[in-house]
Amino acid sequence: MLLDLVVVVLMVCGLLLFLATTVGLLRFPDFYTRVHAAGKGDTLSTVLMLGGLIIYLLRDFNGETALTAVKLSLIVFFVFIASPTATHAIIDAGYESKVPYWTRRKGAGAGYDGPERRRQDRQI
Amino acid sequence: MDELFPFIIAKYNYWASLILLFIGLYGMIAKNNLMKKIIGMVIFQTAILLFYVSIGVKRGGTIPILEFGADHQPLLDATAYANPLPHVLMLTAIVVGVGTLGVALTILQKIQRVHGTIEEDEVLEDLRQ
Amino acid sequence: MKRLTLIILAACALIMLLAASDLPDWADPASPASSHLSPGFVEQAYEATHTPNVVTAVLADYRGYDTMFETVVVFLAALIIMIILRRTPHRRFCKILPHRPQRQGRDTVLKGAAQLIIPVMQVFALYVLGHGHYSPGGGFQGGVIFGASFILLALCYNLEFTINRFRERIVLLCCAGGALLYAGVGALCLAMGWNFLGYAALAGILGVSEAMARSHGILLVEVGVGITVMAVMVSIYYDLASGGDMREGL
Amino acid sequence: MIEQAPALIVIIPLLAALLLIPATPLGPRFAYGLLVTALAATLAAALATLNLVMVANEAVHYRMGDWLPPHGIELVIDHLSGVVLVLVSGCALLTAIYSRQSAEQDNPDRLNQYYALFALLVTGLLGMTATGDVFNLYVLLEISALSSYGLLARGRGPAYYATFKYLVVGTIGACFYLLGVGYIYIMTGSLNMADLAEILSRPELQESMSVKIGFTLIIIGVWIKMALFPLHAWMPNAYSKAGTTTACLVAPLMTKVSIYIMIRLMFSVFSVDYVFGVIPWHHLVSWLAVAAIVVGSLTALAQQDLRKMLAYIIVAEVGYMVGGAWLANEAGLTGAIYHILSDALMTLCLFMAVGAIIYRTGKSSAAAMEGLFAKMPITAAVFVLGWFSIIGIPPTCGFFSKWYLISGGIEAGHWAYVAALLFSSLINAVIFFRLIEIAYFGNFATHDGHHAAPARNEAPFTMLLPMVVTAALLIMVGLYTSEIITALVGKAIPPGL
Amino acid sequence: MEQFLIAIGVAILLLMLTSLYRVVRGPTVIDRILGVNVIGTKTAVLIIIIGTLSARVEMFIDIALAYALLNFITTIAAARFYQRQSQPVLPEVEEAEPAPSAPPTVEHPKTTGEGSHAA
Amino acid sequence: MAAVVTFCVMFAFWVVMSGKLDLFHLGMGVMASALVSWLSRDLLFSGHTKTLGGTLGEIGRFLRYAGWLFWQVVLANVHIAGLSLSPRAMERIDPRIIRFKTVLKTDFARFVLANSITLTPGTVTVRIQDDTFYVHAINPQAAGDLAGDAVGGPGEMERWVAWIFEGGKR
């Protein structure tokens, strides 16, 4: 019962983080800040959900489920390496190709760059 | 109308894949951009994959990998597993589709390099000269 | 013209959708597709081939002839892509692709990740290939993952680095070699006096029962499939990513 | 070993294709030798199989992997497929011998890979012919289609766009076929042709709308593959831009094997009663065939390029055979099957002759024919003989197949089809005389104004030999028409027609 | 508990569909790649949940791991492709400094020297 | 040396994945691990291992670091979740790119640092050009966190990473 509660808490936390990720992805003003939302929320929410599933599996503990749990934790480990790397690759590519940015400073710099920048981006 | 809805729900897999199929076919026939033609082709093939795979589903059937009972003997109850044949067929069809896609992309790359464009009318224009 | 196409296609779609009325319902256990051949496969496959994964058994044994040609299709795709893209450029027509330099000292993160992930990925690929009998997997899946590990290497380091590890000629040899292994196993069975691809013929060589011989035969051909698919993935990546001139990839 | 012959037909070219890749360092002569040897062995296996069939006087079954048919895949070779197997492997062997110079000329750098594609195309065609499983047929259809894309894209100049179009259309065709098989599979649960035929004969499936749609989709898919009239637009461009060897291999065989498949599916999977009794649109097909014949012939008349002209003639010939098969009588079907044989031989003959002309002159327009009789007398003779067969002049086999087709048309009372056949022969004769005029009386004056007899410049021996053999076969097959029909073609006619 | 897992799965699916907005809308290609990456990561979780529900999770782990790997490679490849397309071709001189339109740069207090390269 | 360690790790991974302990599958595992450790001999454990003891020490220190890092990840997520769900998000965002030079020598240590920066609150590594890091910070506070309290020296995280891979004191 207690384990069930832990599972529920973990998975709901994961879901909430994913919700935050999605909201951030839709709401943030420019590409770079969206990467923040997507890159971070994605990692931990995946990990939390997988953690919840691991505990759910381990409720009836035997050799087979233990092995399965170890395999699942390998996915967790993989996510920890892969997710920041993918985030970095994406933001590096965006930076290199001069994706328009958003900034609060100065009236002229605020908002997106002019339309010609975006048209240039479309061509790719 | 009352009959149509249960009918669609009961056979929604055919509806979904056929609609997808015709979207792909439309893209293949009507689009001017050759890349979009290829995308239409992929949609078309995917629709057929879905069509087949949906045949294999059996209510109450799990994936067709035999489960072992406590006595280490497999449970050989055919109704407990999905139909394996469509999966096998579609594995083949996927591979064929990927091969076709690769060849299509290659030829497209060559067209782009020879004619300088992947718009069909411009390619035809270039050929006429 | 486009509107005409749309109308014709919509009409065809409507006819075919309405004709779906005499198709069996979705997931109907009594439909002919689920009741004619499939019970036979599920019930006989384990006894005949010692392979719990029925899909693998059907794929590599009952319909092994199809799968052999499937491997050939993969090989064929690599061959065609190579023969079209790698031809000496046509003097008048083809433009030379623009050349972008490799970036130096920039890929620290990707290289670090690749160092960690690639070996693990390769073992995973071999695991998927070797355990096709017991879990979803087999030659195609394992080959794809193995090939993808080389693609990851090419993405994170660069194309030249990968080509130096895995040369184009060897890739092509692997493409043909895997399919040759498959067809060779089949031809071996034929030479042993059984029909083509009757792996039970291997029982004499391996010294096991016929069902086990079929199981090992399946593993052998899966290895062949895996080699071909792996090499083909790499070959297609080499050709398509560099436009056929092997100078630079993504 | 003889009972393994059906499997060997498919395996030998496959193994040859796979072995050609590691054999690259051994040089072009080895590759050529390997290909020719393998195809000769294939022809031997095909002849052995045909012999088996004729001795047993029934279909030979070969179980792949020793599995019983509805679960496993089997090869089924009866009289019809036996003939087509011999035809395909024979034509492939002749083309392989012929390819010595032109293949090396077209592919200086990648000859082994080119030959591997060649062998795989042959594998696909033979496998399609031999198989008894509808899904296996799809896989082999795609193998032959993919390798023909590769071969055609190797062609000259703007071949890429033509090949791309062929690829898109071909994929639509193959996918239609696959979808049709899906419909049939849903309704029957089987993929084996014999098993399907048994299940489909049940009365509740006869009227099923889904089976009808499946049949329609399958037939449309095969029609796209064979370039029947409204679906033919991809073909002439693709064939006329191809390399010489490619054209000789692809043009005669692809369409003929597709027609064989149509006949096989119509009568082995479905039945005569089903196709001509239940399917509501079977009357339309012969009109489609009439349109194909007329349009194909007229367009051929307008062409300047020799190979494009031949490609449009193939469009018309496809009309002959489809019309013959759908006339719903014995003479028509006999004519269609016999025409598969004779048409393959005569298109092969003509494409080879044109290839030799292109090889020597470098041109493919009708102007390349100038002074042909003086420059290349043997090639010219072969060309004339091939064209006689196309027109339908006895004793070439083209005459006899056309004879059967016309008598089938008369029997069915389908006068438009008969008229179209005669019209097409007339057009072919017109084209022939136009070409002969150029060849004989063409202006081969040199620039200084006086007539100089051009030097003799015959095609090389490896090109001449298969050409002469094909031309001889045209006459031989013509002379032995009645034997071939009673011993082989007649046995392939389904009962009830 | 099963209902709970189904609910979580459906919620994930809905959120994935919402993320699809970013894929459809863009505005730049790289935004779409980002959206696809997010969806792909969650797909792996969804596969495991489905496996748990059908009580055969050990079969689905392989699928999920393979999917996660391929999704990672896809993302990297797409990003690299996008990056490559915006790189200058060889005849031009390669830009040494980062893009002029990048966000404003402030020197970190601890680094010394190094001229500012702000836009 | 590196190949032996790689082989052991790969074989352990195989056994975990396979879960079948009969001779046939273990034999396949040995072959697979040997193949991979030959193919990828210069990938895993390349460049930054000297001895077995050194490797084990690195792994031990890394595990301690991982605990700290996980806490940082949680903080990062709470931070970003709060930011994106907050109604006044736009006012709290003030993105900028900061640049600094790292003291880390090996590529692998830089990789660990870069990924750690990406995982921690408010910062994403944008680019590494040799030893220069470009980091996108979502607001000035996050940039300040990265710097750590000791102005002029490396930030806290960088000190951790340096401690793992280059010994020295934390």
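The values are calculated or read from the model by the stated rules, or taken from the named source; none is laboratory data. These numbers come from a predicted model, not from an experiment. Cβ placement follows ideal geometry from the backbone for every residue including glycine, while neighbour counts extend to all protein chains displayed.
Contact annotation: residue pairs with Cβ atoms under 9 Å, 6 or more positions apart or on different chains, pairing a residue in the stretch C:187-202 that is facing another protein chain (nearest Cβ under 8 Å) with a partner that is buried (at least 22 other Cβ atoms within 10 Å of the Cβ) and basic (K, R), are C:G198/C:R214; C:Y199/C:R214; C:A200/C:R214. On the basis of being more than 7 Å from every other protein chain (Cβ to nearest Cβ), surrounded by fewer than 23 Cβ atoms within 10 Å (Cβ to Cβ) and under 22 Å from A:L72 (Cα atoms), does E:G26 make the cut? For E:G26, the condition - more than 7 Å from every other protein chain (Cβ to nearest Cβ), surrounded by fewer than 23 Cβ atoms within 10 Å (Cβ to Cβ) and under 22 Å from A:L72 (Cα atoms) - is not met. Set side by side, the residues E:L46, E:L13 differ, and just one is more than 7 Å from chain A (Cβ to nearest Cβ), surrounded by 17 or more Cβ atoms within 10 Å (Cβ to Cβ), within 18 Å of A:L48 (Cβ to Cβ) and at pLDDT 90 or above, which is E:L46. When the stretch C:215-250 is limited to residues that are of a type outside the set (A, V, I, L, M, F, W, C) and in a loop (DSSP other than H, G, I, E, B), the one that is nearest to F:V36 (Cα to Cα) turns out to be C:G249.
Every listed requirement among (1) in a helix (DSSP H, G or I); (2) over 25 Å from D:D305 (Cα atoms); (3) modelled with pLDDT under 85 is met by D:Y440 save one, (2).
From the list D:G132, D:G150, D:G127, exactly one residue is within 15 Å of the chain's Cα centre (by Cα) and either buried (at least 24 other Cβ atoms within 10 Å of the Cβ) or at the interface with chain C (Cβ under 8 Å from one of its Cβ atoms) (or both). Which is it?
Numbers: D:G132 fails: within 15 Å of the chain's Cα centre (by Cα); D:G150 fails: within 15 Å of the chain's Cα centre (by Cα).
It is D:G127.
If you check C:F124, C:F161, C:F140 for being at pLDDT 90 or above and within 12 Å of chain F (Cβ to nearest Cβ), only one passes: C:F124.
The lone criterion from (1) within 14 Å of chain F (Cβ to nearest Cβ); (2) modelled with pLDDT of 90 or more; (3) surrounded by 23 or more Cβ atoms within 10 Å (Cβ to Cβ) left unmet by C:I170 is number (3).
When you go through B:T100, B:T92 one by one, which is the residue that is at the interface with chain C (Cβ under 7 Å from one of its Cβ atoms), farther than 21 Å from E:I61 by Cα and part of a helix (DSSP H, G or I)?
Working: B:T100 fails: at the interface with chain C (Cβ under 7 Å from one of its Cβ atoms).
Of the residues listed, the single one that is at the interface with chain C (Cβ under 7 Å from one of its Cβ atoms), farther than 21 Å from E:I61 by Cα and part of a helix (DSSP H, G or I) is B:T92.
Pairing residues of the stretch F:26-49 that are closer than 22 Å to F:R110 by Cβ with residues that are modelled with pLDDT under 90 and not in a helix (DSSP H, G or I), at Cβ distances under 8 Å and at least 6 apart in sequence or on separate chains, gives F:G47/F:T106; F:H48/F:T106; F:T49/F:M1. Here D:V169 clears all of (1) of a type outside the set (G, A, S); (2) surrounded by fewer than 24 Cβ atoms within 10 Å (Cβ to Cβ); (3) under 25 Å from D:P230 (Cβ atoms); (4) more than 21 Å from the chain's Cα centre (by Cα) except the condition numbered (4). Here the stretch B:47-67 is the region considered, the condition is being more than 8 Å from chain C (Cβ to nearest Cβ) and under 14 Å from the mean Cα position of the chain (by Cα), and the residue that is farthest from D:F176 (Cα to Cα) is B:V53.
Taking the stretch E:11-34 on its own, how many of its residues are among the small types (G, A, S) and part of a helix (DSSP H, G or I)?
Start the filter on the stretch E:11-34 by keeping residues that are among the small types (G, A, S), which leaves E:11, E:19, E:26.
Still in the list and also part of a helix (DSSP H, G or I): E:11, E:19.
Going through the stretch E:11-34 one residue at a time, the tally reaches 2.
Can you find a residue that is within 14 Å of chain C (Cβ to nearest Cβ) and at positive phi anywhere in the stretch D:236-247? No.
Only one of these is within 14 Å of chain C (Cβ to nearest Cβ) and surrounded by fewer than 18 Cβ atoms within 10 Å (Cβ to Cβ): D:E3, D:E74. Name it. So that I can check it myself, show each step before the final result.
Values: D:E74 fails: surrounded by fewer than 18 Cβ atoms within 10 Å (Cβ to Cβ).
Only one candidate passes the filter, namely D:E3.
The lone criterion from (1) free of Cβ contacts under 8 Å to residues at least 24 places away in the same chain; (2) surrounded by 16 or more Cβ atoms within 10 Å (Cβ to Cβ); (3) farther than 18 Å from A:F77 by Cβ left unmet by F:N115 is number (3).
The residues of the stretch B:103-121 that are without any contact (Cβ under 8 Å) to a residue 24 or more places away in the chain and surrounded by 15 or more Cβ atoms within 10 Å (Cβ to Cβ), listed by number, are B:V103, B:T106, B:I107, B:Q109, B:K110, B:Q112, B:R113, B:V114, B:H115, B:T117. The condition of being at pLDDT 90 or above and either within 25 Å of D:T244 (Cα to Cα) or surrounded by fewer than 19 Cβ atoms within 10 Å (Cβ to Cβ) (or both) holds for only one of D:P395, D:P454, D:P495, D:P466, that being D:P466. If you go through the stretch B:4-46 and keep only what is more than 7 Å from every other protein chain (Cβ to nearest Cβ) and outside any helix (DSSP H, G or I), you end up with B:K31, B:N32, B:N33.
Criterion first (under 30 Å from D:T361 (Cα atoms) and within 14 Å of another protein chain (Cβ to nearest Cβ)) does D:D106 satisfy it?
Details: under 30 Å from D:T361 (Cα atoms): yes; within 14 Å of another protein chain (Cβ to nearest Cβ): yes.
Against the criterion (under 30 Å from D:T361 (Cα atoms) and within 14 Å of another protein chain (Cβ to nearest Cβ)), D:D106 qualifies.
For the stretch B:76-88, what are the residues that are out of contact with any Lys or Arg (no Cβ under 8 Å at 6 or more places or on another chain) and among the aliphatic types (A, V, I, L, M)? Matches in the stretch B:76-88: B:L76, B:A78, B:A80, B:L85.
Within the stretch D:360-402, track down each residue that is assigned to a loop (DSSP other than H, G, I, E, B) and either touching a strand residue (DSSP E or B) at 6+ places or on another chain (Cβ under 8 Å) or touching a residue at least 12 places away in the same chain (Cβ under 8 Å) (or both). Before you say what the answer is, go through the steps one by one.
Step one: list which residues in the stretch D:360-402 are assigned to a loop (DSSP other than H, G, I, E, B), which gives D:362-364, D:370-371, D:376, D:392-396.
Across the stretch D:360-402, the qualifying residues are D:S364, D:E370, D:G371, D:M376, D:G392, D:P394, D:P395, D:T396.
Residues checked against (1) more than 24 Å from E:I33 (Cβ to Cβ); (2) touching a residue at least 40 places away in the same chain (Cβ under 8 Å); (3) not in a helix (DSSP H, G or I):
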position	(1), (2), (3)
A:M11	yes, yes, no
A:L16	yes, no, no
A:H36	no, no, no
A:G39	no, yes, no
A:E64	yes, no, no
A:K71	yes, no, no
A:I90	no, yes, no
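The number of residues in the stretch C:19-48 being under 30 Å from the mean Cα position of the chain (by Cα) and under 14 Å from B:K11 (Cα atoms) comes to 2. Among the conditions (1) surrounded by 24 or more Cβ atoms within 10 Å (Cβ to Cβ); (2) free of Cβ contacts under 8 Å to residues at least 60 places away in the same chain, the only one that D:A116 does not satisfy is (2).
Based on what the data block shows, is D:I184 more than 17 Å from the chain's Cα centre (by Cα), of a type in the set (A, V, I, L, M), surrounded by 24 or more Cβ atoms within 10 Å (Cβ to Cβ) and at pLDDT 90 or above?
Yes.
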